[in-house]
1. Would you confirm whether or not the stretch 198-220 contains a residue that is modelled with pLDDT of 90 or more and open to solvent by 40 Å² or more (accessible area, probe 1.4 Å)?
2. Counting only residues that are more than 24 Å from the chain's Cα centre (by Cα) and under 20 Å from Y254 (Cβ atoms), which one in the stretch 168-181 is surrounded by the fewest Cβ atoms within 10 Å (Cβ to Cβ)?
3. When R378 is evaluated against the numbered criteria (1) within 14 Å of G17 (Cβ to Cβ); (2) open to solvent by 70 Å² or more (accessible area, probe 1.4 Å), which criterion, by number, is the only one it fails?
4. Look at N159 and say whether it is out of contact with any Leu (no Cβ under 8 Å at 6 or more places or on another chain), among the polar types (S, T, N, Q) and open to solvent by 70 Å² or more (accessible area, probe 1.4 Å).
5. Would you say A262 is modelled with pLDDT of 85 or more, open to solvent by 20 Å² or more (accessible area, probe 1.4 Å) and in a strand (DSSP E or B)?
6. Is it true that Y317 is open to solvent by less than 40 Å² (accessible area, probe 1.4 Å), among the aromatic types (F, W, Y) and closer than 23 Å to K219 by Cβ?
7. Which of the residues that make up the stretch 91-115 are without any contact (Cβ under 8 Å) to a residue 60 or more places away in the chain, of a type in the set (A, V, I, L, M) and crowded, with 17+ Cβ neighbours inside 10 Å?
8. Please go through (1) among the hydrophobic types (A, V, I, L, M, F, W, C); (2) open to solvent by 20 Å² or more (accessible area, probe 1.4 Å); (3) more than 29 Å from the chain's Cα centre (by Cα); (4) within 22 Å of T112 (Cβ to Cβ) for F40 and return the number of the only condition it doesn't satisfy.
Amino acid sequence: LLALPVRGSEGLYMVHGPPSFAESTAFRRDSGRSCKAVAFSRDGSLFAWCNGDRVSIADVTSAELLRSFDLPKAVCLEFSPQNNILATWQAYATAKDGTAGVPNLQLHDVKTGKCLKSFIQKKMQGWCPCWADDESICARNVNNEVHFFENNNFNTIANKLHLQKVNDFVLSPGAQPTKVAVYVPGSRGAPSFVRLYQYPNFGGPQSALANKSFFKADKVTMLWNKKATAVLVIASTEVDKTGASYYGEQTLHYIATNGESAVVQLPKNGPIYDVVWNPNSVEFCAVYGFMPAKATVFNLKCDPVFDFGTGPRNAAYYSPQGHILVLAGFGNLRGQMEVWDVKNYKLISKPVASDSTYFAWCPDGEHMVTATCAPRLRVSNGYKVWHYTGSLLHTYEVPPSEEMWQVCWQPVLDGVFPAKAVRYQAVPSELPPAEPKPAQAYRPPALRNKPATSSKLHEDEPPQNMKPQSGSSEKPLSKTALKNQKKHEAKKAAKQEAKADTTQESTQSLAPQSTPRRAVPAVTSGDPEVDKKIKNLKKKLKAIEQLKEQAAAGKQLEKNQLEKIQKETALLQELEDLELGL
């Protein structure tokens, strides 16, 4: 059974995963209200936590306490990939006389409990050293250069990667040789760039595997695929100078270790909310564009493979096996989820987890947890466990006076849970389906006693395999293709207009100007005042006809427009009387 640790004001305790969901009796609940951090080892065998008094390490299977450290101020914990080292971090503080404070980042040997090395690490962001999966290399960013240590010997710096100002770096996952992605921000008109190196070949720009430079980047996020063949770079600016978005501006770049690079063309303008690699390393999904956001899967050539249309979403999550994709709208959206079969691009279910601030796949690729955690939301804290077919299997809500800060799955190594065949029929559950509270749209007082008319601000675009047949075979067009198509259509329209104008002119010149053919004599009463009234009435009736057509097409009319339509009968009667009086 996989475990789910729950951390909050009720303390720290462990819950068994599906199917039981009972609290673990082997792991003794830590009832303190100041549990700051928890961490699993990568294989899920060890569990560490800090309760504001000590940092403890326990064996998950036997729940036996293995090691304890006197570190009451620790707020961050992390195990190295092979479980040899536990890294702890506490806030850096200078001495009262202004001299340098004590080292606040500590690396402990898990087996002996000995502190191997202490460093001064002032910032919480990027506090933890990065290890290669086999722990042969460990790296830290120190004063804008990356220091490398080998075989956990932290007394000797084995290598340095020194560029003008390294802001961030990410080590590649998987087996040796290890590759490093490095980000250097632009300055004085020079562009920012991301470079890929293979350790330990750092001898100048020529030794780089790949290089991609770009403007418009205040910060970047670098994402390696699982096979370490390519990196996706989301470059963001703090401010959008066009004023189109308060999220700033984002661009998505693709860089491969073979030297290829490209800008990923996103067919809709607006922010990039999320980008995730499929664990198969040959596809990635991006969620982007002004709401309702678009979601598209791209291949390694950065060509669109499948377009999910638009919807209320800002996040994407592939299952650990890569066979299922969840598109979701959390945070300031209402928690709608779409669960897709990746192989057939078929929708499996559409559960709704309202007010969720957290989502995670269970390593088995069958279950998922959604949670509402403080401090993001301080009311209705709790978590729900779902099956991907949409069934709600377990729900827990903390008492109103309490808060929940964190819930997470116990990890396992790859290959422990192979992918199972995707099912579409909802699995049985003892709980009733989670019904979202229907949100009532605001209606102004003047419309409250009148029948409701549905008026959407925008129509959602369907996924590409649910569009009308005529366009189903067409691939989503890139920005450039769309631009060219619009230009072509505009030219075509201009040509047709010019043609129509010339034919009109030639027919007018052929007909004699003085005597129009078969001119229909206008019926007049002889009284210019009556003629004027008839003309005005006909004008009003024509306008009413147009309004009725608009209403039939589904347009919502204003109050004064509705009143105009109600006067139609009276106007027709008046017109009849005037015409009969002729």
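The values are calculated or read from the model by the stated rules, or taken from the named source; none is laboratory data. Quick caveat, the model's predicted, so the values are computed rather than measured. A quick note on method: Cβ atoms are made from the backbone with ideal geometry, for glycine too, and the neighbour counts reach across all protein chains shown. Accessible surface is based on the protein model in full, side chains and every heavy atom, while ligands, DNA and RNA are left aside. Shrake-Rupley method; radii C 1.70, N 1.55, O 1.52, S 1.80 Å.
1. Step one: list which residues in the stretch 198-220 are modelled with pLDDT of 90 or more, which gives none.
No: zero hits.
2. Within the stretch 168-181, the subset more than 24 Å from the chain's Cα centre (by Cα) is 174-180.
With under 20 Å from Y254 (Cβ atoms) added as a condition, the list becomes 174, 179-180.
Numbers: G174: 17, K179: 22, V180: 26.
Result: G174.
3. For R378, the failing item is (1).
4. Values: out of contact with any Leu (no Cβ under 8 Å at 6 or more places or on another chain): yes; among the polar types (S, T, N, Q): yes; open to solvent by 70 Å² or more (accessible area, probe 1.4 Å): no.
No.
5. Values: modelled with pLDDT of 85 or more: yes; open to solvent by 20 Å² or more (accessible area, probe 1.4 Å): yes; in a strand (DSSP E or B): yes.
Criteria met by A262.
6. Details: open to solvent by less than 40 Å² (accessible area, probe 1.4 Å): no; among the aromatic types (F, W, Y): yes; closer than 23 Å to K219 by Cβ: yes.
In short, no.
7. Narrowing the stretch 91-115 to residues without any contact (Cβ under 8 Å) to a residue 60 or more places away in the chain: 91-109, 111-115.
From the residues that got through so far, the ones that are of a type in the set (A, V, I, L, M) too are 91, 93, 95, 100, 102, 105, 107.
Once the filter is applied, which keeps residues that are without any contact (Cβ under 8 Å) to a residue 60 or more places away in the chain, of a type in the set (A, V, I, L, M) and crowded, with 17+ Cβ neighbours inside 10 Å, the stretch 91-115 yields L105, L107.
8. For F40, the exception is condition (3).
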